[in-house]
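Q: Dumping the structure here so I can ask a few things about it.
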Amino acid sequence: MPSPPVTPSMSAVAASRARILEAARTHLFAYGFSALTMDDLAGELGMSKKTLYVHFPSKDAMAGAVLDGIGKSIRSQLEAVLSQPRLTFTQKLCGVIDVVGSLLGQVSPAIFRDLQRYAPHLYQKIEEVRQKNVPYVIGRLIRAGIAEGMVRPEIDPAFAAEFWLQAIRGLVQPVVLDRTQLTPRQTLEKAIHLFFNGLLTPAGRKDYEKHIASREKHPAA
């Protein structure tokens, strides 16, 4: 009686998929969607293109999985910061800047332009991540700041969060980044500083500026 066919274990399949996604993410961030090819990935990973297609039916599906993974990861990291009971409002604000800034530090403005032009359906995934996370995160931050006396009490958290969403959505448009000559991370840091300086109480502004000065002297590794 012939032996049953040998199939890879679930852990091996998951590990192979994770390797592919990590390589795809690296290529996507470094060169953009249009330059991402199955041939290049297969050569880099030492796999056949057939193996890649076993895991992902197309380049679009692979890039979409990369963006979905980024969305889940950033939400998890932000939740970890916001849920820390020992952190003050200012520490949470700086933690959020670090999480989002770390991701944006890997991204060039050309990536947004590339996705808008060649894969608008994938660019929409980025919009969906913003829509899901920005109002939630900024709203929680503002409410925490009001409770600690660091944000002006008359501020409406829901409106302020929506205001920030619309502002940052416009600021990271490729045409705007071209005009400002800023990277996505620089844009985030300048926008956060401008936005929250309008919301903070004098005590909140003093505490925020103290933390910013400390971070500039001792930047995170």
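Every number here is computed from the coordinates shown, using simple stated rules; none is lab data. Fair warning: this is a prediction, and the values are worked out from it, not measured in the lab. For neighbour counting, all protein chains shown are included, and Cβ atoms are generated from backbone atoms with ideal geometry for every residue, glycine included.
Q: Here is the link list: LYS92/LYS206; LYS132/LYS210; LYS72/LYS132. Which ones come out longer than 19 Å on Cα distance?
A: Over 19 Å apart, Cα to Cα: LYS132/LYS210.
Q: So how much slack lies between ALA80 and TYR118, counting 0.36 nm per residue of separation and subtracting their Cα-Cα distance, in nm?
A: Value of the extension gain: 10.3 nm.
Q: What distance in nm lies between label points placed 7 Å from Cα along the C-beta direction at VAL54 and ASP68?
A: With each label point 7 Å from Cα toward Cβ, the separation is 2.0 nm.
Q: I need the phi-derived Karplus couplings for the range 65-79: 6.51 cos²θ - 1.76 cosθ + 1.60, θ = phi - 60°, integer Hz, Gly and Pro marked x.
A: Couplings: 5, 4, 5, 4, x, 4, x, 5, 5, 5, 5, 5, 5, 5, 4 Hz.
Q: Can you find, among THR183, VAL151, PHE195, the residue sitting farthest towards the positive end of the charge dipole of the range 126-221, where Lys and Arg contribute +1 and Asp and Glu -1 at Cβ?
A: My answer, from the dipole projection, is THR183.
Q: Amide H neighbours of VAL151 under 5 Å, at least 5 residues apart or on other chains, H built in the peptide plane: list them.
A: ILE146, THR201
Q: Give me the net charge of GLY95's neighbourhood, meaning all other residues with Cβ under 13 Å from the Cβ of GLY95; Lys, Arg count +1, Asp, Glu -1.
A: +2
Q: How far apart, in nm, are two points set 7 Å out from the Cα along the Cα-to-Cβ line at LYS217 and at LEU165?
A: Placing both labels 7 Å beyond Cα along the Cβ direction yields 3.9 nm.
Q: Continuing with the same structure: With θ set to phi - 60°, apply the Karplus curve 6.51 cos²θ - 1.76 cosθ + 1.60 along the range 175-189 and write out the HN-Hα couplings as whole Hz, x wherever there is a Gly or Pro.
A: Going residue by residue, I get 5, 6, 4, 5, 6, 7, 6, 10, 7, x, 5, 4, 4, 4, 5 Hz, with x marking Gly and Pro.
Q: So for the range 117-221, what percent of the C-alpha to C-alpha distances run longer than 16 Å?
A: Taking all Cα-Cα pairs of the range 117-221, the fraction more than 16 Å apart is 65 percent.
Q: Determine, from the Cβ-Cβ distance of ALA158 and ALA61 and an R0 of 35 Å, the FRET efficiency 1/(1 + (r/R0)^6), rounded to the nearest 0.05.
A: Given R0 = 35 Å and the Cβ-Cβ separation, E is 0.45.
Q: Which of [x] 20.8, 82; [y] 16.0, 43; [z] 20.5, 68 is the computed Rg and Dmax of the Cα atoms in Å for the structure on display?
A: Checking each listed value against the structure points to [x].
Q: What size of dipole, in debye to the nearest 20, comes out for the range 133-221 about its Cα centre when the only charges are +1 on Lys and Arg C-beta atoms and -1 on Asp and Glu C-beta atoms?
A: Here the size comes out at about 200 debye.
Q: Convert each backbone phi in the range 25-30 into a coupling constant with the Karplus relation 6.51 cos²θ - 1.76 cosθ + 1.60 (shift: θ = phi - 60°), then list the ³J(HN,Hα) values in order as whole Hz, x for Gly and Pro.
A: 4, 4, 5, 4, 5, 7
Q: Between the range 118-181 and the range 17-39, what's the alpha-carbon centroid distance in Å?
A: What the calculation gives is 27 Å, centre to centre.
Q: What is the local net charge at GLY105, summed over the other residues whose Cβ is closer than 13 Å to its Cβ (Lys, Arg +1; Asp, Glu -1)?
A: -1
Q: Excluding residues on the same chain fewer than 8 positions from LYS125, give the aspartates and glutamates whose Cα lies under 13 Å from its Cα.
A: ASP60, ASP68
Q: What angle do you read, to the nearest 10 degrees and between 0 and 90, between the alpha-carbon axis of helix 109-118 and the longest principal axis of the chain?
A: With both axes taken from Cα atoms, the answer is about 50 degrees.
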